[in-house]
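The block underneath contains the structure these notes are about, expressed in structure tokens.
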Amino acid sequence: MEEQKQDRVSRSSAEAEFRALAQGMCERLWMKIILDDLRVKVDNPVQLYCDNKSTMSIAYNPVQHDRTKHIEIDRHFIKDNLDRGFVIAIHVPTELQISNIFTKGLPQGRFQDLVSKLGMIDIHLPS
């Protein structure tokens, strides 16, 4: 799969995460169509996980015009799929995000916990 660059500049982290949520939703719905074509029955709604409360708020609350005027198409697409029950957006607390090891400065204890969850080892430790 080829990496795609974002064609717009986001004004906030919530806006960037919201666009990522819309992109993830498109890809998951596309996979559901392929599975349907292959006659693999999937009745469950698509589950998307998000750790940004602002993004979740925008997704479920259509009356945030001042905060969403730059992402109107994505907002309508996400809201429509949520309302139809095709997709469920689930909040995941930041503490449970294993990917934080790659994106945030963490206290040593939390860092070590995530390292062990990823199965990483310190190759510089004496054996």
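The values are calculated or read from the model by the stated rules, or taken from the named source; none is laboratory data. Remember, it's a predicted structure, so these values are computed and weren't measured experimentally. Here the Cβ positions follow ideal geometry from the backbone for every residue, glycine too, while neighbour counts run over all protein chains shown.
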* To do: Report, ordered by the first and then the second residue, all pairs with beta carbons closer than 7 Å, sequence separation of six or more or different chains, a first member in segment 33-46 that is assigned by TED's automatic domain parsing to the domain that holds R84 and on the phi < 0 side of the Ramachandran plot, and a second member that is assigned to a loop (DSSP other than H, G, I, E, B) and exposed (fewer than 10 other Cβ atoms within 10 Å of the Cβ).
  => P45/G85
* **Cβ pairs under 6 Å, 6+ apart, first in segment 85-109 and in the same structural domain as M25 (by TED's automatic domain parsing) and more than 25 Å from C26 (Cα to Cα), second of a type in the set (G, A, S) and exposed (fewer than 10 other Cβ atoms within 10 Å of the Cβ)** => none
* Qualifying residue in segment 63-74 (condition: assigned to a helix (DSSP H, G or I), among the charged types (D, E, K, R), surrounded by 13 or more Cβ atoms within 10 Å (Cβ to Cβ) and at pLDDT below 85) -> yes
* **Residue among L114, L29, L82, L125 that alone is within 17 Å of the chain's Cα centre (by Cα) and either in a loop (DSSP other than H, G, I, E, B) or crowded, with 16+ Cβ neighbours inside 10 Å (or both)** => L82
